[in-house]
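A short write-up of the structure that comes next.
The values are calculated or read from the model by the stated rules, or taken from the named source; none is laboratory data. Since the model is a prediction, treat every value here as computed from it, not as a measurement. Cβ atoms come from the backbone with ideal geometry, glycine included; neighbour counts cover every protein chain shown. Ligands, DNA and RNA are stripped out before the accessible areas are found, and what is left, the full protein with its side chains, is counted by its heavy atoms. Shrake-Rupley method; radii C 1.70, N 1.55, O 1.52, S 1.80 Å.
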Amino acid sequence: MKVLHVAKDYHPQGSGVARHIDGLITACRPLGVEARVLTAGEGGLWRAVGAADVVHLHGARTACVARAALVARLLDRPMIYTPHCYYDHGSWPKRLAKRLWDRLVERPLVARAWATILLDEIWRGDLIARGLSPQRAVVVPNCITPDQGAPGWTGGRLAGRPALLSIGRLDRVKRLDDMITALTFPGLESAVLHLVGEGGDQGRLGALAALDGLGGRVIFHGGLDDETTARMRAGADLFLLASEREGLPTVMLETLAVGLPILVSDIPANRALADALGWPALFALGDQGALARGVLRWAGRPVPALVRDRLAARFTWAARAGEIVGLYHEAMGHKDKAAGR
C-alpha cells in the first residue's frame with residue numbers, strides 16, 4: 001500500500017506534527033505501508049497523489065493540504081485527515097480570516113475526507129463548535145517511538161537550581177512569558193530557564209527577561225537536534241509546558257517517558273493526557289504564581305513507574321499504528337466497493 005502524507009513542513013526535530021508523521025511512517029513500514037511525505041513548495045503534487053493509494057493530510061488551515069485535498073478529490077483518491085490542532089489566537093483580521101477559512105475550505109475538506117483522526121475525544125466537541133461535520137471521526141492519539149529521547153543519554157547538569165527546560169517553537173501561544181515571570185517569585189532566585197526552539201517571539205521574550213532583571217537566568221539555545229535535547233533532558237530538574245492551546249502534546253509524552261517530571265498548564269489537551277497517565281502536575285493557565293509554586297513542588301520529583309507503563313501501553317506507535325493502517329485499508333476497500341470492484 002502506498003500512502004502520501006501531506007504537511008506544511010517535515011522537520012521532525014523542530015515540529016510536533018512532523019514528529020507525529022515520522023513516528024507513524026516508521027511504525028507503519030513493517031505493516032506493509034510505503035510512505036512518502038510531500039510538503040509546501042514541492043512540485044509534483046498531481047503525480048504524487050496519482051501514485052498513492054491513500055492520501056493522509058496533516059495540519060488544520062494549511063494551504064498545501066487544501067490543494068492536495070482538491071487533487072485527491074479530482075483523482076478519486078481516499079483521504080484521511082488529521083487536523084492536529086486549531087489555533088484561534090491572533091489579531092482580529094487574522095481571527096476573521098481563520099473563520100472564513102473554516103467556512104469556505106475546512107468545512108468541505110472535513111466533510112469529504114473518508115475519516116478525520118482526532119488526537120483525543122475532547123476534540124469532537126471542538127469540531128461541532130466550528131460547524132465541521134466529518135463523515136467519520138476516529139480518535140487515535142499522538143504517540144512516540146520508545147527510543148525518542150530514550151534513557152541512557154548522558155550529559156552534565158544544566159545550570160540552575162532548579163534547572164528548568166522547555167522545548168518548542170517560540171510563539172505567543174506557548175506562553176513562555178509566564179515561565180520567565182515565574183522566575184521572579186520567592187524560592188526561585190537560583191532557577192535557570194533553558195528555552196530550546198526558534199520562532200518569532202524570541203525578541204519579545206528576551207526583552208521581558210531583561211526588564212525583569214533576570215540576566216543569564218533565561219538562556220535561549222535555539223533549535224537543537226534530538227541527541228542534544230535528550231542530553232538536556234538528562235540534565236534538567238523539571239520540564240515546563242505553559243501553552244494556552246495544544247492538540248495533544250508529544251513533548252509531554254517524550255518527557256515523561258524518560259523519567260523527567262513535567263509541569264503543564266491546565267488546558268483540555270494537557271489535562272486529557274495527564275488524566276490518562278495519572279500525572280498530577282498541572283497549574284492554572286496564566287497563573288504565574290501557581291506556576292512558580294508548581295516548580296518548587298515538582299522539580300526533581302521522580303516519575304512513577306505506573307505512569308511510564310501507561311504511556312507505553314497507550315501512547316507509543318508500536319501500540320497504535322495498526323489502527324491507522326486499518327483505516328487506510330478500510331478507505332481503500334470503501335473506494336473499491338463504491339467503484340464496483
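Here is how the numbers come out for the structure above:
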| quantity | calculated |
| --- | --- |
| Assigned charges on the beta-carbon of Lys, Arg, Asp, Glu; segment 1-111 dipole about Cα centre (debye) | 340 |
| Built amide H within the under 5 Å cut-off of A137, gap 5+ | T116 |
| Karplus 3J(HN,Hα) series, Hz, for segment 211-216 with 6.51 cos²θ - 1.76 cosθ + 1.60 (x for Gly, Pro) | 5, 7, x, 8, x, x |
| For segment 18-57, the spread of Cα positions along each principal axis, largest first, Å | 27, 21, 12 |
| Unit charges on C-beta of K, R, D, E only; dipole of segment 214-341, Debye | 180 |
| Positive minus negative residues near R245 (Lys, Arg vs Asp, Glu; Cβ under 12 Å) | -2 |
| Set of aspartates and glutamates near K98 by C-alpha distance (under 19 Å), chain-local residues within fewer than 8 positions excluded | D88, E106, D126, D171, E244, E246 |
| Surface/4 of the Cα convex hull for segment 84-188, nm² | 10.4 |
| Cα lying deepest toward the dipole's positive end in segment 203-341, options A207, L256, L311, charges on Cβ | L311 |
| Calculated [θ] (222 nm, deg cm²/dmol) that DSSP helices of n ≥ 4 give over the chain, each run adding -39,500 (n - 2.57) | -12500 deg cm²/dmol |
| Projected area averaged over orientations for the chain, convex hull of C-alpha atoms, nm² | 17.2 |
| Accessible surface, segment 12-110, averaged per residue in Å² (probe 1.4 Å) | 48 |
| Cα lying deepest toward the dipole's positive end in the chain, options A290, P83, Y10, charges on Cβ | P83 |
| Length-normalised contact order for the chain - Cα pairs under 8 Å, 6+ apart - percent | 17 |
